[in-house]
Each structure stands twice: as C-alpha cells, then as structure tokens.
Amino acid sequence: MSFENASSIIASHTITGEAVKRGASDPSLPQNDTPEQRAQRRAQINATSTQYQWTTDIASLPGVPLATHVPPDDQPSIEWWFKVLEVSIAILENVKAVLLKPIYSGLDDAAKTIIDDALADAGEIRSKVEALREKHRVAKAGPGLESSIEEAVQGADIEELKSHDSALRDILTVIIDVLKAEEAAHSRSIEAYRDLYQTLPVPGIAYTFQDDDLFARLRVAGPNPMLLQGIDRMPDNFPVTAAQYASVMGDDTLARALADGRVFLCDYTDLEVLVAGVWKGHAKYVYRPMALFAVPPGGSSLKVVAIQCGQDNSQYPVMTPSDAASEKWGWEMAKFVVQVADCNYHELFVHLAGTHLVSEAIAVATRRNLANVHPLWSLLVPHFEGTLFINNLAVETLINKGGPIDDFFGGTIESSQLAAVQARLAFDFYQKMTPVDFAARKVADPAILPDYPYRDDALLVWDAIHDWASQYINIYYSDDEAVTADSELALWASSIASEGHIVGFRPITSRAQLIDVCTMIIFTASAQHAAVNFPQRTLMTFAPAVTGAGWTAAPTDQTGHDKGEWVEYMPPMSLGLLQLSSLELLGSVYYRPLGDYRTNRFPYKPWFQDPVITDDEGPLARFQAGLRAVEARIIARNQRRMHPYVYLQPSQIPTSTNI
C-alpha cells in the first residue's frame, strides 16, 4: 500500500481538524518500500515528531523523559469520559452522605455553607452529564449523521465533559479542604473509618485487615506483589533467631526452611530516599521495615514470621506474631509500619514508575520513530491510548504540591517525587520481564511457593500476549535478517534507550527478541498496570488497612502498647476520606478490555485493517480466543482458591494504561 493511500484512509477520519488513525490496511517494513515511499514515511514521521516531543523538565518528575504536551490523538474518548464521570459522581454522592453523619455535626455555619454550595454545583454537573450521556446514547442507536458533523459534535461534547471532570475534582478539593480545617472535631476509630463508606460498598478488607494470614497474602495477591524475594540466609541486620522462628512455625526450623528455599523477605530499604513530611503541623512517618515470611513444610501459603520496623536492629527489635495482651498491639503497630512502607513502594515504585512512566517513554518513541504504515505501529499504539493524558493529569493533580500524595503519604512531596524519578530511571526493561523477574526474586517455583496468585495468573496472560506477538511479528518479518534490516526499528530501539532512558534496552537483532520486547510492552501497559491499579479500590481505600503515612513514631519495643495507641498511627479522618475518594476513582474505571482493538473516536471502528490479521482464523481471532481460555482457567482457579484473585482476568484488564 502506498503512502498516498494510507494518507487518504487517515484523512477520512478526522475530528476537529486532527487525524484519527487506524492500523494500516497493508503494513510494510521500510526496507520493502520504494525510495519514494521511504521518503514519504520519513516525512510523515518528521511531521508527527513535531506533535510528540520529549522533555525532562517537568517539575513534578525532574529528569524523567515525558511528552511536552498531550496531542489530540491521545485525548480520551467520550466513552472514557462517561466512565470517569460516573465514578466521580458516585464518589461525591458518598461524600455527601458521609457529611450527614454525626462525626461532622461540629462544622460551623460558614463551613456548612461552602460545602452545601459545592454539593449543589455537583448536582448541576450530574444533570448535565446525564443529558450528554442520553444524547450520545441516542446518537449511537439512531441513524448515523454525516461523519464530519458527528465527530465535530462529539469533539464539543468531549470538551464539555472535560470541563465537568475538572469542576468535580475542584468540588471534592473544596470539601476536603473544609474538612481538613475542621479536623479537630473528628475523632478516629475503626468504626469511623468504616462510616466513610455510606453509598459505596465497604470493602471486605475493612473487617479482615488485622488477620495475620491476610497480611501475608497481600505479598502475593495484593497491590504490590513485586517485592517478595526468596532468601537462603538471613540478612545481617535482621537477626531473627531460631527460637523466634520456631515460636511461629512450630516444628519447622529456620535452618531447614532456608535450605529448602521456603523463606521469603520483603525489604523496604529502597525507601531511604523518602524524607518524613509534615501536614498541618502534624509529623508524618514512613520507615524502611523488613518483613519475613515462610511456607510451612508441605504447606502452600505464606505465614508472617517476623517484622523489624527499620534497618537498624539496635533501634528496632525483631517482633513476632502474638496474641498476648502485652504484645498484641505492638505487633499490630509493626504490621501497620509495613503497610505504610508497602503503600509508598507500590504507588511510587511499582505503579507510577513501573507502568505509567515506562509506557509513556515507549509511546513517545513509537510515535517519533515508526511510520503509521509500520506493522509495529499498528500493534503497539492501541496499548498507549490515554496514557499521555492520564500521566499529564497525574503530574498536575496527584503527585504535585498540595495533591493527595503530598497530603496522605509520609514523605515530603519533593522526596516522594524523587523516589518515583529514581525508580523510573532504574527500571531495567529486560530484567523486569515477568518470567525473568520471578526467577531473579526466587519465587518462580510453584513447588516451593504454591500459593502465588499474581505469579500464576500473570504467566497465563504473558503467554497469551507472547503468542499474539509471535503470530503477528512472524507475518511481517520473514526472518531475523528482516529485523536487522528495519531502519525504523533500529531508530525506535535507540530512542527508547537514549531519549527514553530505559535501562537495558538494546538493539533488536532477531524475531525472538522482538517478540519478547513487544510482549513486555503490551503486558506492562495492560496486565501489569491492571494488577497494581485495580487493587486500589478493593484493598487500599480503607486507611486502617493500607495508607501512605504513619502518624506517630514506630514502636521500639513490642510490649506495653494498647489499641488506642494503634489507632493513633492512622491518618486524620479527612485524609481517610481523601484517600478513599482518590483510590476509589483510580481503581474503578475499566475502559476497553485487552483484545478489544478499536479506535478511540465514535463510532469506534475496528483498529486493525489488514485482512491477514483480522481473518476469522487469523492472529487476532486466535488472541481473543486465547484470552477467553485464560479467563476460564482463572475463574476455575478462583473456585479452588480460598480467596479469589480477579485482577488478571482478561475481562478485567484494560488494553492500555488509561486511568
């Protein structure tokens, strides 16, 4: 297919003057084109590069390569906006109901007036959104308008929805700010935190979070299943004794467990970059604890063995599980210290740095180096839908000064930003490939660690994506020589490594390597992000279970503490509501599942156009069938598991990092 024909197809789908692209109908490699076509490809890439430019000067994430702005092609669809606004309105309805509870009866008249006015504005916005939703529903069901008129109307609707979203966020900010100012009136208790859910369902973890087995299970099926590592010797600075181990594990011995490979560690030493912050005159705390786990002989699930609240054993002694009245609450405090550390590691290292920011670098490099008739352009671009937009929004409203991370996380905002920057710039592309990562962390063997739902389900999805990438790439690359002859591919790989600052990314010299690279890119943007994003709603909205800061210093002994002291570790109620609202939104928007490839503009036409890919028995159909098989297998697994793990069911995995 010629460049002119490709251009005519692209030009037929426009919105407010900008191209709305689809995958090429006849993709080609540059070495197979005529000199004239190669020149046209280069001209198109150069033109696109004016829209997609790099910067490392974003104040919130200094040094991280990001897009300078969000081009029109990367703006979300109207369908996405409706999903976001639906969740946002539900959150504000919950906030409204919470404000009717007695805990907020102490608000003065001025505060009540501000909140009443804000909620009235939210009600008006809800009515306008419902009107737009009905308009769009009718447009989809009725006879089509002329394409250009339809798209122009939709473009105006998107801008209106965008303004409503901004207004709703401002309204929530106003309400939370009022509640922060009145914080002294709000007493903390576990029941009060549960009462923050009025019209939203209370997550199950709100009733089970003190259970030691659940605490252990979160390392393999929680928001951060990426830190646990097998060890064969105890760290010198974490001197768990044989007697302490036996007090938890009974007849098992520490020496035997280490020799068998049944001992596992979560070490939060990388949080050293965080500098403890202050909120409204109250000190916040975040530590670098160490937590030890083991699988009993013949067992399947982890058990928590010991916790040390810091890296220095002379300051923070080893603590072990205990129900004794004198030791119980010290143990609960130690678990809370770990949960705070895990929340910081999850959000800054695993979630933001390891998915959002990695995908953005590859997205920008793809747009700048691959022609839109290149087969990899068609394969990868759908997996970047919405990423530049949502990352830009996070930079402006989430990890900024005065944003939620600044408020309810333990570090100063500058140190939290630095943690994300360092994690992103240290991300090693090949070492983070899912099978490689499991092997490196010594958690790959199901005979040693049988109960690891994230590992087992992730490998199913990884293999399905790998099969898809293999079938797709082998169609367009006849052999390894075709890979090394691809000049655009070479520039793309070089750009990812140099301009994108992705550690370990290197020249691609074979089809097998290219298949692995594409699998990693697709998995990171879809499944990996789903695994670390969607637990935010079910496991992280309830602050006593997981939160970003402690509000008193870590205990230096296990004895002599009570329940009241434990509750004082938890955040102020207004920040508990802010955490709930923020993470409810981030963990509730499911937009376009993996394998559903369509454009991001109404009427959402199929993305792939090459008949070789879209044939009834072609690679796309096989990929979709493979995902259905994975779904069925995970559902069957969950029927056997004591606790279902749903985050990697393909129907629950969005195609891209778009929230």
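The values are calculated or read from the model by the stated rules, or taken from the named source; none is laboratory data. Here the structure is a predicted model, which means the values were calculated and not measured. Ideal geometry is used to build each Cβ from the backbone, glycine not excepted, and the neighbour counts take in all protein chains shown.
Given (1) of a type outside the set (Lys, Arg); (2) under 30 Å from residue 308 (Cβ atoms); (3) crowded, with 23+ Cβ neighbours inside 10 Å, where does residue 560 come up short, assuming only one miss?
Every listed condition holds for residue 560 apart from (3).
Identify the single condition in (1) aromatic (Phe, Trp, Tyr); (2) in contact with an Asp or Glu (Cβ under 9 Å, 6 or more places away or on another chain); (3) crowded, with 23+ Cβ neighbours inside 10 Å that residue 477 does not satisfy, given that it satisfies every other one.
(3)
Within the stretch 600-618, work out how many residues are among the hydroxyl-bearing types (Ser, Thr, Tyr) and either crowded, with 21+ Cβ neighbours inside 10 Å or modelled with pLDDT of 95 or more (or both).
1
Mind counting the residues in the stretch 208-229 that are closer than 12 Å to residue 449 by Cβ and either assigned to a loop (DSSP other than H, G, I, E, B) or of a type in the set (Asp, Glu) (or both)?
Number of matching residues: 2.
Would a scan of the stretch 49-59 turn up a residue that is surrounded by fewer than 21 Cβ atoms within 10 Å (Cβ to Cβ), in a helix (DSSP H, G or I) and either touching a residue at least 24 places away in the same chain (Cβ under 8 Å) or at positive phi (or both)?
yes
Within the stretch 374-384, is even one residue of a type outside the set (S, T, N, Q), modelled with pLDDT of 95 or more, buried (at least 23 other Cβ atoms within 10 Å of the Cβ) and within 17 Å of the chain's Cα centre (by Cα)?
Yes: the stretch 374-384 contains one or more residues that are of a type outside the set (S, T, N, Q), modelled with pLDDT of 95 or more, buried (at least 23 other Cβ atoms within 10 Å of the Cβ) and within 17 Å of the chain's Cα centre (by Cα).
When the residues of the stretch 487-528 are narrowed to those that are part of a helix (DSSP H, G or I) and of a type in the set (Phe, Trp, Tyr), which ends up farthest from residue 597 (Cα to Cα)?
Applying the first criterion (part of a helix (DSSP H, G or I)) to the stretch 487-528 yields 487-497, 511-528.
Okay, now just the ones that are also of a type in the set (Phe, Trp, Tyr), so 492, 523.
On the way: 492: 23, 523: 15 Å.
By that ranking, first place goes to 492.
Kindly check whether there is at least one residue in the stretch 578-587 that is assigned to a strand (DSSP E or B) and buried (at least 18 other Cβ atoms within 10 Å of the Cβ). Break it down stepwise before answering.
To start, the set of residues in the stretch 578-587 that are assigned to a strand (DSSP E or B) comprises none.
Looking for residues that are assigned to a strand (DSSP E or B) and buried (at least 18 other Cβ atoms within 10 Å of the Cβ), one finds none in the stretch 578-587, hence no.
Go through the stretch 529-564 and give me each residue that's of a type outside the set (A, V, I, L, M, F, W, C), under 24 Å from residue 646 (Cβ atoms) and part of a helix (DSSP H, G or I). First the steps, then the outcome.
At the first step, the residues of the stretch 529-564 found to be of a type outside the set (A, V, I, L, M, F, W, C) are 529, 533, 535-538, 541, 544, 547-548, 550, 552, 555-564.
If we keep only those that are under 24 Å from residue 646 (Cβ atoms) as well, we get 529, 533, 535-538, 541, 544, 547.
529, 533, 535, 536, 537, 538 - these are the residues of the stretch 529-564 that are of a type outside the set (A, V, I, L, M, F, W, C), under 24 Å from residue 646 (Cβ atoms) and part of a helix (DSSP H, G or I).
Kindly provide the set of residues from the stretch 531-566 that are closer than 20 Å to residue 321 by Cβ and more than 28 Å from the chain's Cα centre (by Cα), ordered by number.
554, 555, 556, 557, 558, 559, 560, 561, 562, 563, 565, 566, listed by residue number.
For the stretch 434-442, state whether one or more residues are part of a helix (DSSP H, G or I), within 20 Å of residue 508 (Cα to Cα) and touching a residue at least 60 places away in the same chain (Cβ under 8 Å). First the steps, then the outcome.
Narrowing the stretch 434-442 to residues part of a helix (DSSP H, G or I): 434-440.
Filter once more, keeping what is within 20 Å of residue 508 (Cα to Cα): 434-436.
Then keep just the ones that are touching a residue at least 60 places away in the same chain (Cβ under 8 Å); that gives 434.
Yes, because at least one residue in the stretch 434-442 is part of a helix (DSSP H, G or I), within 20 Å of residue 508 (Cα to Cα) and touching a residue at least 60 places away in the same chain (Cβ under 8 Å).
Yes/no per residue for (1) of a type in the set (D, E, K, R); (2) touching a strand residue (DSSP E or B) at 6+ places or on another chain (Cβ under 6 Å):
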site	(1), (2)
381	no, no
385	yes, no
389	no, no
399	no, no
403	no, no
408	no, yes
413	no, no
417	no, no
423	no, no
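Return the total of residues in the stretch 607-659 being in a loop (DSSP other than H, G, I, E, B), closer than 29 Å to residue 474 by Cβ and out of contact with any Asp or Glu (no Cβ under 7 Å at 6 or more places or on another chain).
9
Within the stretch 372-396, can you find the residues that are within 18 Å of residue 68 (Cβ to Cβ) and either in contact with a helix residue (DSSP H, G or I) (Cβ under 8 Å, 6 or more places away or on another chain) or not in a helix (DSSP H, G or I) (or both)? Lay out the reasoning, then the answer.
First, pick out the residues of the stretch 372-396 that are within 18 Å of residue 68 (Cβ to Cβ): 384, 386-396.
Correct list: 384, 386, 387, 388, 389, 390, 391, 394.
Consider only pairs whose beta carbons are under 7 Å apart and that are at least six residues apart or on different chains; among these, list those whose first residue lies in the stretch 153-173 and is over 15 Å from residue 393 (Cα atoms) and whose second residue is surrounded by fewer than 18 Cβ atoms within 10 Å (Cβ to Cβ) and modelled with pLDDT under 90.
155/16
Which one of 471, 422 is at pLDDT 95 or above, assigned to a helix (DSSP H, G or I) and closer than 30 Å to residue 572 by Cα?
Values: 471 fails: closer than 30 Å to residue 572 by Cα.
Criteria check complete, one pass: 422.
If you take the residues of the stretch 26-45 that are under 9 Å from residue 373 (Cβ atoms) and either hydroxyl-bearing (Ser, Thr, Tyr) or in contact with a His (Cβ under 7 Å, 6 or more places away or on another chain) (or both), which of them is surrounded by the most Cβ atoms within 10 Å (Cβ to Cβ)?
Filtering the stretch 26-45 for residues that are under 9 Å from residue 373 (Cβ atoms) and either hydroxyl-bearing (Ser, Thr, Tyr) or in contact with a His (Cβ under 7 Å, 6 or more places away or on another chain) (or both), the one surrounded by the most Cβ atoms within 10 Å (Cβ to Cβ) comes out as 27.
Quick one: would you say residue 264 is in contact with a Gly (Cβ under 6 Å, 6 or more places away or on another chain) and closer than 17 Å to residue 289 by Cα?
Details: in contact with a Gly (Cβ under 6 Å, 6 or more places away or on another chain): yes; closer than 17 Å to residue 289 by Cα: yes.
Against the criterion (in contact with a Gly (Cβ under 6 Å, 6 or more places away or on another chain) and closer than 17 Å to residue 289 by Cα), residue 264 qualifies.
Consider residue 287 carefully, then state whether it is in contact (Cβ under 8 Å) with a residue 60 or more places away in the chain, closer than 28 Å to residue 647 by Cβ, among the hydroxyl-bearing types (Ser, Thr, Tyr) and touching a Cys at 6+ places or on another chain (Cβ under 6 Å). Give the steps one after another, and end with the answer.
Values: in contact (Cβ under 8 Å) with a residue 60 or more places away in the chain: yes; closer than 28 Å to residue 647 by Cβ: yes; among the hydroxyl-bearing types (Ser, Thr, Tyr): yes; touching a Cys at 6+ places or on another chain (Cβ under 6 Å): yes.
Considered against the rule, which asks whether it is in contact (Cβ under 8 Å) with a residue 60 or more places away in the chain, closer than 28 Å to residue 647 by Cβ, among the hydroxyl-bearing types (Ser, Thr, Tyr) and touching a Cys at 6+ places or on another chain (Cβ under 6 Å), residue 287 comes out as yes.
What are the residue pairs meeting all of these: first residue in the stretch 378-407, first residue within 30 Å of residue 550 (Cα to Cα), second residue of a type in the set (Lys, Arg), Cβ atoms under 8 Å, and 6 or more apart or on different chains?
Going by the 8 Å Cβ cut-off, the qualifying pairs are 397/169.
List pairs: first in the stretch 630-646 and under 15 Å from residue 451 (Cβ atoms), second assigned to a helix (DSSP H, G or I) and of a type in the set (Gly, Ala, Ser), Cβ under 9 Å, 6+ apart or cross-chain?
Filtered contacts from the stretch 630-646: 641/221; 643/221; 645/221.
Answer yes or no as to whether residue 305 is β-branched (Val, Ile, Thr), buried (at least 21 other Cβ atoms within 10 Å of the Cβ) and in a helix (DSSP H, G or I).
Numbers: β-branched (Val, Ile, Thr): yes; buried (at least 21 other Cβ atoms within 10 Å of the Cβ): yes; in a helix (DSSP H, G or I): no.
Taking the combined requirement at face value, the residue does not satisfy it.
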